[in-house]
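J.: I have a structure here, written as structure tokens, and I will follow up with some questions on it.
Every number here is computed from the coordinates shown, using simple stated rules; none is lab data. Fair warning: this is a prediction, and the values are worked out from it, not measured in the lab. Here the Cβ is made from the backbone with ideal geometry for all residues, glycine too, and neighbour counts use every protein chain on show.
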Number of protein chains: 4
Amino acid sequence: MAPIRLGMVGGGNDAFIGGVHRIASRIDGRFQLVAGALSSTPEKSKASGAALGLAADRCYGDFVEMAQREARLKNGVEAVAIVTPNHVHYAAAREFLKRGIHVICDKPLTSTLADAKKLVAAAEKSDALFVLTHNYTGYPMVRQARAMVAEGALGKLRVVQVEYPQDWLTDAVEQTGAKQAEWRTDPARSGAGGCVGDIGTHAYNLAGFVTGLTLDSLAADLTSFVEGRRLDDNVHVMLRYKGGAKGMLWSSQVAPGNENALRLRVYGDKGGLEWSQEDPNYLWFTPHGEPKRLLTRNGAGAIAANQTASRIPPGHPEGYLEGFANIYNEAADLIVAARDGGRPEHLLPTVQDGLAGVVFIDACVRSSNRNAAWVSV
Amino acid sequence: MAPIRLGMVGGGNDAFIGGVHRIASRIDGRFQLVAGALSSTPEKSKASGAALGLAADRCYGDFVEMAQREARLKNGVEAVAIVTPNHVHYAAAREFLKRGIHVICDKPLTSTLADAKKLVAAAEKSDALFVLTHNYTGYPMVRQARAMVAEGALGKLRVVQVEYPQDWLTDAVEQTGAKQAEWRTDPARSGAGGCVGDIGTHAYNLAGFVTGLTLDSLAADLTSFVEGRRLDDNVHVMLRYKGGAKGMLWSSQVAPGNENALRLRVYGDKGGLEWSQEDPNYLWFTPHGEPKRLLTRNGAGAIAANQTASRIPPGHPEGYLEGFANIYNEAADLIVAARDGGRPEHLLPTVQDGLAGVVFIDACVRSSNRNAAWVSV
Amino acid sequence: MAPIRLGMVGGGNDAFIGGVHRIASRIDGRFQLVAGALSSTPEKSKASGAALGLAADRCYGDFVEMAQREARLKNGVEAVAIVTPNHVHYAAAREFLKRGIHVICDKPLTSTLADAKKLVAAAEKSDALFVLTHNYTGYPMVRQARAMVAEGALGKLRVVQVEYPQDWLTDAVEQTGAKQAEWRTDPARSGAGGCVGDIGTHAYNLAGFVTGLTLDSLAADLTSFVEGRRLDDNVHVMLRYKGGAKGMLWSSQVAPGNENALRLRVYGDKGGLEWSQEDPNYLWFTPHGEPKRLLTRNGAGAIAANQTASRIPPGHPEGYLEGFANIYNEAADLIVAARDGGRPEHLLPTVQDGLAGVVFIDACVRSSNRNAAWVSV
Amino acid sequence: MAPIRLGMVGGGNDAFIGGVHRIASRIDGRFQLVAGALSSTPEKSKASGAALGLAADRCYGDFVEMAQREARLKNGVEAVAIVTPNHVHYAAAREFLKRGIHVICDKPLTSTLADAKKLVAAAEKSDALFVLTHNYTGYPMVRQARAMVAEGALGKLRVVQVEYPQDWLTDAVEQTGAKQAEWRTDPARSGAGGCVGDIGTHAYNLAGFVTGLTLDSLAADLTSFVEGRRLDDNVHVMLRYKGGAKGMLWSSQVAPGNENALRLRVYGDKGGLEWSQEDPNYLWFTPHGEPKRLLTRNGAGAIAANQTASRIPPGHPEGYLEGFANIYNEAADLIVAARDGGRPEHLLPTVQDGLAGVVFIDACVRSSNRNAAWVSV
């Protein structure tokens, strides 16, 4: 079967996540990148496109031009990956959605709550798919964790501890020319949340994905520790879920020694689970009163949700890129099914999940501005 | 040198912490247990004393009788370990302090804030020493962590993450005859805090000991997850320290798979530290921008604070009992020095630390009762 | 730049390593699979090829036909991946090498020492490249380890401990229809070594790659623990390297709980290194008399050899497939350079490394047959 | 019950293991040190004794004088701990055994095979007990491991991998005044084995204790890597057990980064076990085809052998000293039973185990001298 024709908005030189999307789209051989509006100027865009082997006439100066022309081409893109800074997501997605081109969009959904709501409307009006790359939900052990919770292996849930510390913003690197740091600490491009938007939303999404719980309210204490930084770089949140479970969320970009230490622990009245993104092929399962068990990717004790998200045998570690590729792979399933009007069940993050993330950011900022008062979400 | 004559209040059969105190007092050979009011009835007390090899005439029916008689004996006890449930601490300590007998008392200091203040007054009026067994401060790697923070290895502190989950109260075991669970979930004996008093205070104390920070205010969300339980079994707290550092504290007794998982992480603008009680011979030091370093007890990179708290070479693990014994050992130093009126510097938890712990419990309960509002401490 | 046209011999349905090669060749987008002799019959080969999207006329019934026709095509394959059982490697490689088509071949080189020598001759006579996929040498931390040893970070090497335990042959699964187990325990297809050939050679190769040491002699004790098994499933070897270093190699396929636990430890008079394949993003460096340091992929302390083999930031784990893809990526560099007659320096395993592996297998079998007598290699 | 009166031979200032024995004897309060021949001269012996609180008239100039006088005293020692360098063990033990005084002796049993045989004869002729402190057998998880193997949890044993690396002799510290290094690298005091005697015997003993296997033959390659060192500092051994199991033993004192890394892995046809001395409260159990389980000291899944060797709840780590104290505690049981002629079953290392250790050393040295030829034991 011919690969799905993919376009990309953003992701030129200097970008981080664009390259990740490209690798993720290639791993299972189901997409082929054929067009792009990769940078903010036509020249840069063409240069980046050429380096990636794109035809010159499919390197566009902006996403509007790209959407218009690709929609008219006989073999135009079927799907587009949007990997720009947050403030561009909505405007770019809208152009493709309204032309029936599927959108795979990086997180958070948008830089403002207003944009998020408009993007939801645009996605719901379109026949095209909208997939948000909360990529951590693609890890096989995360899939197994979700299934185990759903099957009741932990009993009734009580406590959710999720954290996502990093250390790359310990110093004021945004003041010394680091592109990634610049836009991620810029309210105009990132939105009202800094750390909370960039990685706090991943933590929040992961907790919801695994537990199936819905947040009721939160109390957040956001801090900018680095002098001159315009957005939060440390996030402390207490969580109350509907049904009575409680939780804590910590995300930070100023915690030296933490590279990308997303970690989730969930406890119910029958047992617990623990998963760490930096060692993603393992999942601790601790049934109450029994020895701890170390479950592995595709290994002994792997259930279908784990096996189907794995490519290779246990002990041959899969990583971040394979977890990300699982999102692309499942998106490919949906895109192929959509050709015949099919809409199979799936586990992909949706535009509604994206909205929930922006609501979470908004609630955290509002709570923090009110001295960490409880805010309903 | 002859060992210090030690008495004990509480710690009869069925007790947990009494046995710990006895082993800790023996490890370095500087104490000898010679008297006790070990149980709540004279008969049980004598039976427990006999099992421990105490002379019959030094097994007392209650601590008042014991204090009175031992104070008159030529070779009466020089120090007493108080290892009863919390509500007895004050009354027992008072009897010995007022007779000039040193007190080594288990935590938390008392079951009420009023008692705590009275005990502070009693201790300050007495010439005798008062030592509170926040035993986790006795671990060599904790001592090294404190010294490193004090020396500036982490720079200016920003974030403190401390947690102390256990799982032994996941079920309502206090309703099925478990003595330890009974009194620890009983407000009359434990005070207004359950999990927060029993282990939350350890976490709070440890964070303060290592960082040297003073708490400014907190917001606490206490929960009793187990039906019928009268005290909290899960504790979520956001912390604001004087000077701007912020933190989170989680303690729980309903987190399956956690045996006794006290863990502290501290981050400053130059580096971080991480220590876990269950693997106490290790300390991670993460200077910002450099590889993580694993420091070990008495090993390469051990500083004096670590070495002097160690007995044996690196790789020969010391544990909980040795850390506890370091408290007894340092108390012995003070007791010997006190014979000549000396009061050397030391690292032992004091009655003021005990008061701070009870203030912390009280603040957590008050905050939680006001929907986790910020409360100054 | 257009991707390199790749063919494949072997790797049809039921295969394990063929799929790995295909993913590895796609990750960096530098190869495109366009032809194959994927199975042992023309029908199966065409079916497998169709499933992979190959054109029907480029799905061949055998590798001779494929080599002949592809060599004549204008856009025939530039390189071929040989992923059959061992006994086919030589015959297949010969056909492509003699027609100037580059060969990327799975390990071990061949099933017999005679074939290995013939393949060396064939490779040396050809202008085409020959790359052996000792894929573990592609891991970034392995690259860093090699560079650190070469730079003298460990001082003069003394001790090499390498092991590679698995558990998938704990039972006699080759007698119950498991295809992978069948050929790997069949002397006709695997050669005289079972476990020693399948994974022992990986361990041996890794030790040599990292240390730069040359083996002088070995004493091997091979065992078939499972009743009816025709080849060894556990391998114990003592190693003596030229220059005086000594080592041990253990590989096993009957060690329950070990999925794919390749692990290398190297010690010199100034320090040590430790690396585990199942947690490949870490490398322990233990300079003598200093704290242990945990180096990470692309993280603090990463040197160029580590960084250039990494795609994404630290804490975003790369795994087995990315390590494997590093072999393909470097092969692509060589193939591109070869178009202009270039032969840049590289770290890829060569046909000589392959011969060394077969010599190692042969020496182990001979030693074991002589009661583990020392055998020179 | 009054504590057992204990004497000590060796263990004066500068000693390591003497202090360990003293702490171990105190932990459970069942011994009281009352006499000693602690050093090689009467003056030093008295000084060391005074520092330990011994009465002056019970500090002896040598062990013969001590044995003679203590045997005559009404309250003379009931047991003696022999903690000298190896070459003194036999002569000292003999003096006490022949006077009916129980002996607790450090390992290895003696410095020569001839002495070992004489000591066996002396012990068998005596009514007194002889206990060898292979202390690692006292760890609760080691006890559980042994019981699990005996109960068949691993099925028929196939592979035993045991290792004991250290790094403290990486440099020639014996040439710069380090007392511990001096005698341990001196053939006159240690015997013909260096590393193999000092720690290799611990590894060998541990493997036998847990597996219950009897060694049939071995092939050993001993090396002295440090220039001028007179005894081996690295030990490579292949093992063949009666019944068909095979193994490898590595011990080293020149492996930087290894403090005291004794580690045992055992594999049978139904499962595996793994235990590491540096993290002694854990035991991995890997039943074939099921998830790995992490058993803990006194925790969920603890069997009686584990519980009875534990003092405190799970998660409160016990360490090296408690494991050592378990040997003393069980010795106390035997000594008390012996007062009434009882000889209960026990798990303590005996003089026969000590002989087996010296036979192992002797076999390793002989094998190594014959180019690692197989030697029966």
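J.: All other residues with a Cβ under 13 Å from the Cβ of residue A:347 taken together, and with Lys, Arg as +1 and Asp, Glu as -1, what is their net charge?
T.: Around residue A:347, the surrounding residues sum to -2.
J.: Here is a follow-up. Report the net charge of residues surrounding residue C:359, where surrounding means a beta-carbon distance below 11 angstrom and charges are Lys +1, Arg +1, Asp -1, Glu -1.
T.: 0
J.: OK, next. Inside 10 Å of the C-beta atoms of A:265-272, what's the mean count of C-beta atoms belonging to other chains?
T.: If you average over the peptide's residues, the count of other-chain Cβ atoms is 6.
J.: With a ≥ b ≥ c the root eigenvalues of the C-alpha gyration tensor of chain C, is it rounded (a/c under 1.5), prolate (a/b larger than b/c) or oblate?
T.: oblate
J.: Specify, for chain C, the residue whose C-beta is closest to the rotation axis mapping it onto chain A, with the distance given in whole Å.
T.: It is C:319, 2, counting Cβ atoms only.
J.: Let me ask something additional. Given +1 on the Cβ of Lys and Arg, -1 on the Cβ of Asp and Glu, and no further charges, what dipole in debye does chain D carry about its Cα centre, rounded to the nearest 20?
T.: 820
J.: Let me ask something else about it. Distance from the Cα centre of the stretch B:265-305 to that of the stretch C:306-377, in angstrom?
T.: 36
J.: Could I ask something else about it? Obtain the nm distance between the two label points defined at residue D:50 and residue B:172 by a simple spin-label model: each point lies 7 Å from its Cα along the Cα-to-C-beta direction.
T.: Between residue D:50 and residue B:172, the label points sit 6.6 nm apart.
J.: For residue D:350, which inter-copy label distances result when the label point lies 7 Å beyond Cα on the Cα-to-Cβ vector, reported in nm to one decimal and in ascending order?
T.: 5.8, 6.1, 7.2
J.: Continuing with the same structure: Please list the non-local residues whose amide H lies under 5 Å from the amide H of residue D:292, H modeled 1.01 Å from N, same-chain partners needing a gap of 5 or more.
T.: For residue D:292, whose amide H was placed from the backbone, the distant partners under 5 Å are A:294.
J.: Pop out the ³J(HN,Hα) list for the stretch A:137-153 in order, Karplus 6.51 cos²θ - 1.76 cosθ + 1.60 with θ = phi - 60°, rounded to Hz; leave Gly and Pro as x.
T.: Values per residue, Gly and Pro as x: 6, x, 5, x, 6, 5, 4, 5, 4, 4, 5, 5, 4, 4, 7, x, 4 Hz.
J.: When the helix-only estimate is applied to the protein assembly as shown (DSSP H runs of n ≥ 4, each -39,500 (n - 2.57), divided by the residue count), what is the mean residue ellipticity at 222 nm, nearest 500 deg cm²/dmol? Don't skip to the answer; put the middle values down first.
T.: Working: 48 runs with 512 residues, N = 1508.
So the helix-based figure for the protein assembly as shown works out to -10000 deg cm²/dmol.
J.: A further question follows. Quick one: which of C:74/C:98; B:156/B:246; B:246/B:270; A:156/A:292; A:156/D:292 span more than 21 angstrom between C-alpha atoms?
T.: Flagged as over cut-off: A:156/D:292.
J.: Continuing with this model, one more query. Sorted from largest down, what three extents in whole angstroms do the Cα atoms of the protein assembly as shown have along their principal axes?
T.: Each principal axis gives a Cα extent; for the protein assembly as shown these are 105, 80, 52 Å.
J.: I would also like to ask the following. So if I take the centroid of the Cα atoms in the stretch B:209-235 and the same for the stretch D:140-204, what is the distance between those two points in Å?
T.: Each part reduced to its Cα centre gives a spacing of 46 Å.
J.: What size of dipole, in debye to the nearest 20, comes out for the protein assembly as shown about its Cα centre when the only charges are +1 on Lys and Arg C-beta atoms and -1 on Asp and Glu C-beta atoms?
T.: Roughly 0 debye, rounded to the nearest 20.
J.: Next up: For helix D:201-211, report the angle its Cα long axis makes with the longest principal axis of the Cα atoms of chain D; keep it between 0 and 90° and round to the nearest 10°.
T.: Rounded to the nearest ten degrees, it is 60.
J.: How many nm is it between the label spots at residue D:276 and residue A:43, if each spot is 7 Å from the Cα in line with the beta carbon?
T.: 5.6
J.: Antiparallel DSSP bridges in chain C: what percent, to the nearest 5?
T.: 60
J.: What angle do you read, to the nearest 10 degrees and between 0 and 90, between the alpha-carbon axis of helix D:17-27 and the longest principal axis of chain D?
T.: 90
J.: Take every DSSP beta bridge with both residues inside the protein assembly as shown and express the antiparallel ones as a percent of the total, to the nearest 5.
T.: Within the protein assembly as shown, antiparallel bridges account for around 60 percent of the total.
J.: Explain nothing, just compute: Karplus ³J(HN,Hα) = 6.51 cos²θ - 1.76 cosθ + 1.60, θ = phi - 60°, for every residue of the stretch C:84-96 in order, whole Hz, x for Gly and Pro.
T.: 7, x, 4, 5, 9, 3, 4, 4, 5, 4, 4, 4, 7
J.: Which distances, shortest first and in nm, link residue D:118 to the matching position in the other copies, using label points set 7 Å out along Cα to C-beta?
T.: Result, one decimal in nm: 6.8, 7.1, 9.8.
J.: While we're on this one: Quick one: net charge around residue B:377, please, counting Lys, Arg +1 and Asp, Glu -1 for every other residue with C-beta under 15 Å from its C-beta.
T.: Counting the neighbours of residue B:377, the net charge comes to +3.
J.: Farthest toward the dipole's positive end in chain B, which of B:262, B:376, B:164, given Cβ charges of +1 (Lys, Arg) and -1 (Asp, Glu) about the Cα centre?
T.: B:376
J.: I'd like the orientation of helix C:113-125 relative to chain C: the angle between its Cα long axis and the longest Cα principal axis, in ° from 0 to 90, rounded to 10.
T.: Taking the Cα atoms of chain C, the angle to C:113-125 is about 70 degrees.
J.: Pull up the cross-link candidates among the aspartates and glutamates for residue D:118, meaning alpha carbon to alpha carbon under 20 Å and not fewer than 8 places away within one chain.
T.: Leaving aside aspartates and glutamates fewer than 8 places away in the same chain, those within reach of residue D:118 are D:95, D:106, D:127, D:353, D:362.
J.: Then there's this: To the nearest 0.05, what FRET efficiency results for residue A:98 and residue C:303 with a Förster distance of 60 Å applied to their C-beta separation? Provide the component values of the computation, followed by the final result.
T.: Working: r = 49 Å, r/R0 = 0.82.
The calculated FRET efficiency here is 0.75.
J.: Can you list the lysines whose alpha carbon is less than 17 Å from that of residue B:44, not counting same-chain residues fewer than 8 positions off?
T.: Hits, sequence-local ones excluded: B:179.
J.: Let me ask something additional. I need the inter-copy label distances for residue B:155: point set 7 Å along Cα to C-beta, values in nm with one decimal, smallest first.
T.: Result for residue B:155, in nm, nearest copy first: 3.4, 4.5, 5.5.
J.: May I ask you to give the average projected area over all directions of the convex hull of the Cα atoms of the stretch D:297-377, in nm² rounded to one decimal?
T.: It is 8.3 nm².
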